[in-house]
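Note sheet for the following structure.
The values are calculated or read from the model by the stated rules, or taken from the named source; none is laboratory data. Please read these numbers as outputs of a predicted model, since none were measured by experiment. Reconstructed Cβ throughout: ideal geometry from the backbone, glycine too, with neighbour counts over all protein chains shown.
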Amino acid sequence: MPRLASESAPPVGLPRWAFVPAALGGLLVLLPLVALGTRVDWSSYWGLVTSESARAALVLSLQTSAVATAACLVLGIPMALVLARCRFPGLDLLRSLVLIPLVLPPVVGGIALLYTFGRRGLLGETLEVAGLQIAFSTAAVVLAQTFVALPFLVVSLEGALRTAGGRYDVVAASLGARPTTVLWRVTLPLVWPGLLSGAVLSFARALGEFGATITFAGSLQGVTRTLPLEIYLQRETDPDAAVALSFLLVLVAVLVIGLTRRSRSAL
């Protein structure tokens, strides 16, 4: 059976030259990962990634990233709802402020957190009196990860809310549903793919966080030394271990993204 012309033609509205920069962009992302894989010492890989320090760093990273993602959901869903559905003076300024962690160098974010929650920080002194010391603790790791990851959830969910619109919410409210019921039964199910994407992006960002963490939480094994910090320290003393752990972090990120895309496809 002869092939239709449309099967081999580019999509309508897409110029052929667009495939060239698209391919170059793909290579820019993939080639460094391939190069990383070629430098891994596979003969000793398992021993390098299962050392005590590596296992402690990986477990801590997964635990703190999961908690940070949960915090992003608790804080980010209401923030996205306010930004997408409310109208008030200063809304654009508020939206810009929410996006600041996206453009700030992570080290600057860590310094800001330190001067907020540190022993002599804006809130740190009060917390110190109450017996709570956040800086250079596991809680500091979670706070640093939440600070840098929260905008990813807010941006993804706000975009999904704007795309979905509010007509179904209005219908549900007109039938007598309370606002909370509308949120859980109508709004969030409609934007579930966007919410899931935002949560995954937040988790991935938290998992790879380095600058704010080392500045605000330090690097204490089993307490604040996450996998990115372990990789940084190993880079100076054991480059083979640093490469192996880097490849492990890539594998974890690919696994998380792959499972999420599979979940979205099943919806």
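Of F216, F203, F152, all but one fail to be among the hydrophobic types (A, V, I, L, M, F, W, C), crowded, with 22+ Cβ neighbours inside 10 Å, more than 18 Å from A70 (Cα to Cα) and modelled with pLDDT of 90 or more; the exception is F216.
For the stretch 175-187, the criterion of being touching a Gly at 6+ places or on another chain (Cβ under 7 Å) and in contact (Cβ under 8 Å) with a residue 12 or more places away in the chain is satisfied by no residue at all. In the stretch 102-208, counting only helices (runs of 4 or more DSSP H) that sit wholly within it, the ones holding 3 or more residues that are touching a helix residue (DSSP H, G or I) at 6+ places or on another chain (Cβ under 7 Å) span 106-117, 138-164, 167-174, 192-207.
Rundown of residues vs (1) among the basic types (K, R); (2) modelled with pLDDT under 90; (3) surrounded by fewer than 18 Cβ atoms within 10 Å (Cβ to Cβ); (4) under 30 Å from S219 (Cα atoms), yes/no style:
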| residue | (1), (2), (3), (4) |
| --- | --- |
| P106 | no, no, no, yes |
| R119 | yes, yes, yes, yes |
| E125 | no, yes, yes, yes |
| L132 | no, yes, yes, yes |
| V141 | no, no, no, yes |
| L161 | no, no, no, no |
| Y168 | no, yes, yes, no |
| T181 | no, no, yes, no |
| L188 | no, no, yes, no |
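Of all the numbered requirements in (1) closer than 25 Å to T187 by Cβ; (2) under 16 Å from the mean Cα position of the chain (by Cα), L97 misses one, and that requirement is (2). For the stretch 13-48, filtered to residues that are in contact (Cβ under 8 Å) with a residue 12 or more places away in the chain and part of a helix (DSSP H, G or I), the residue that is farthest from D240 (Cα to Cα) is L33.
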